[in-house]
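Visitor: Have a look at this one before I ask anything.
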Amino acid sequence: LLLLCYTEEAAVIVSGLKNTDVFVGESATFTCELSHPGVKNVQWWLDGSPLHNNFVTEISQQDGMIHTLTLNDVACHDSGTVTFRAGSLISSAKLLVKGISLSE
């Protein structure tokens, strides 16, 4: 009988966050895929501030491995660095919110 016991240290990031450009009022989605489920202390950050699930910020996971953050109705001040942390694993990407030019 062989029992596979995953430890937090054994998890790796299979697919990290990618830089995202969106316009004001749009949604921005970031996805990070881990090699296996069960990693503790999962947290999302925007420019160093922890994010929590609410009507603007949607945090979800699928099978404990695919972690998704969606920021709805973004504004210019939302531009910054999005960071995903799961245990000792970290992935970051830039969010650029572009304003709509009315001068054209």
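The values are calculated or read from the model by the stated rules, or taken from the named source; none is laboratory data. Owing to the predicted nature of the structure, the values given are computational and were not obtained by experimental measurement. For accessibility, only protein heavy atoms count, side chains too; no ligands or nucleic acids. Shrake-Rupley method; radii C 1.70, N 1.55, O 1.52, S 1.80 Å.
Visitor: Roughly how many Å² is the accessible area per residue of the stretch 13-98, as a whole number, for a 1.4 Å probe?
Guide: Heavy-atom accessible area per residue stands at 54 Å².
Visitor: What lysines does Lys40 reach when the alpha-carbon gap must be under 27 Å and sequence neighbours fewer than 8 apart in one chain are set aside?
Guide: Cα-Cα hits under 27 Å: Lys18, Lys94.
Visitor: Using the Cα atoms as the points, what is the convex hull volume per residue of the chain in Å³? Walk me through the numbers before you get to the answer.
Guide: Details: hull volume 9.9 nm³, N = 104.
Roughly 96 Å³ of hull volume per residue.
Visitor: Next question. Could you check how much of the accessible area of the stretch 13-98 is carbon and sulfur, as a whole percent, using a 1.4 Å probe?
Guide: In the stretch 13-98, the share of accessible area belonging to carbon and sulfur is 52 percent.
Visitor: Pop out the ³J(HN,Hα) list for the stretch 18-25 in order, Karplus 6.51 cos²θ - 1.76 cosθ + 1.60 with θ = phi - 60°, rounded to Hz; leave Gly and Pro as x.
Guide: The phi angles translate into 10, 4, 9, 10, 9, 8, 3, x Hz.
Visitor: Val42's amide H: which non-local residues (gap 5+, or another chain) put their own amide H closer than 5 Å, with H modeled 1.01 Å from N in plane and none for Pro or chain starts?
Guide: Answer set, sorted by chain and number: Gly87.
Visitor: Taking 0.36 nm per residue of sequence separation and subtracting the Cα-Cα distance, how much length would be gained by fully extending the chain between Ser49 and Gln61, in nm to one decimal?
Guide: Values: separation 12, 0.36 × 12 = 4.32 nm, distance 2.01 nm.
Extra length available between Ser49 and Gln61 comes to 2.3 nm.
Visitor: For the stretch 54-63, just list the computed ³J(HN,Hα) in residue order, Karplus coefficients 6.51, -1.76 and 1.60, θ = phi - 60°, integers in Hz, with x standing in for Gly and Pro.
Guide: Using θ = phi - 60°, the values come out as 7, 6, 9, 10, 10, 10, 9, 9, 10, 6 Hz.
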